Amino acid sequence: MEEQKQTPSPTQPAPADTAANEARSAQQTEAAGAAEAAQSQAAAAPSATGEQAATATGGFNGQEDLTARIAELEARAKEHYDMYVRAVAEGENIRRRAQDDVAKAHKFAIESFAEHLLPVMDSLQAALADGSGDIAKLREGVELTARQLANAFEKGRMIELNPVGEKFDPHRHQAISMVPSEQDANTVVSVLQRGYLIADRVLRPALVTVAAPK
């Protein structure tokens, strides 16, 4: 019999070699991943550092801006307070001046009118000092004094009421009696005492008699 030659089959790797190969492949893959992660971290580190620096710088600048703003507001508040104090002081000065003016007005309101009365007093004193006994001269002096007094009344805004023949006005006239008269009824027949107005206000009503109805 012819010997049969056996053809050798391809060598099959042993199970132990396969496991070793897989382990080395896993280690290489893990090492490559670790290296890649390290590179990524190294690349990201400068960026993070820059962001932190920027954040720190921004915070510092913000604090400076806030401090400057507070100082500005405090300066404006002080300015406004000074303006308020000055306004209050000026208002107080105005109030005091107004009070002084009112007090002076009450005290010296009659000053101007009194000045106009001085010539009247001078004429009266001159008449009393006259011892001549001349009645005509005395009458002339009295008439002059009356004119001076009327002039003083006019300058003091005093108006004489002598309403003979006028219609009776109860606001300006005071009737003491009604008398028969040819005049129209309810008109003034005679004036017993003249009245006076001062600045359109009745200082004293005229004392009159009034015509009775016919």
Seminar exercise, completed: Amide H contacts under 5 Å for Ser181, restricted to residues at least 5 apart in sequence or on another chain and with H modeled in the peptide plane, are Ala212
For this session: Excluding residues on the same chain fewer than 8 positions from Lys214, give the lysines whose Cα lies under 25 Å from its Cα.
Result: Lys167
Exercise. Which of Leu117, Val142, Ile159 sits closest to the plus end of the dipole of the range 117-160, meaning its Cα is farthest towards the positive end, when Lys and Arg get +1 and Asp and Glu get -1 on the C-beta?
Worked result: Ile159
Problem set entry | Residue-normalised accessible area of the range 110-214, given per residue in Å² at a 1.4 Å probe | 70
Exercise. With θ set to phi - 60° and the Karplus curve 6.51 cos²θ - 1.76 cosθ + 1.60, what are the ³J(HN,Hα) couplings of the range 96-103 in order, to the nearest whole Hz, using x for Gly and Pro?
Worked result: 5, 5, 5, 4, 5, 5, 5, 4
Problem set entry | Quarter of Cα convex hull surface for the range 66-174, i.e. mean projection, nm² | 14.8
Exercise. What GluC sites (Glu not before Pro) in the range 147-214 are in a loop by DSSP, with at most 12 other Cβ atoms within 10 Å of the Cβ?
Worked result: Glu182
Problem set entry | Sequence-distant residues sharing a close amide H with Ser190 (under 5 Å, placed H) | Thr209
Problem set entry | Label-point gap, in nm, between Leu73 and Gln99 - each point 7 angstrom along Cα→Cβ | 3.9
Exercise. Which whole-Hz ³J(HN,Hα) couplings does the range 79-89 yield from phi under the Karplus relation 6.51 cos²θ - 1.76 cosθ + 1.60, θ = phi - 60°, glycine and proline marked x?
Worked result: 4, 5, 5, 4, 5, 5, 4, 5, 5, 5, 5
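The values are calculated or read from the model by the stated rules, or taken from the named source; none is laboratory data. These numbers were taken from a predicted model, which means no experiment stands behind them. Heads up, the Cβs are rebuilt from the backbone with ideal geometry, glycines too, and the neighbour counts pull from every protein chain shown. Just the protein is used for accessible areas: all its heavy atoms, side chains included, with ligands, DNA and RNA removed. Shrake-Rupley method; radii C 1.70, N 1.55, O 1.52, S 1.80 Å.
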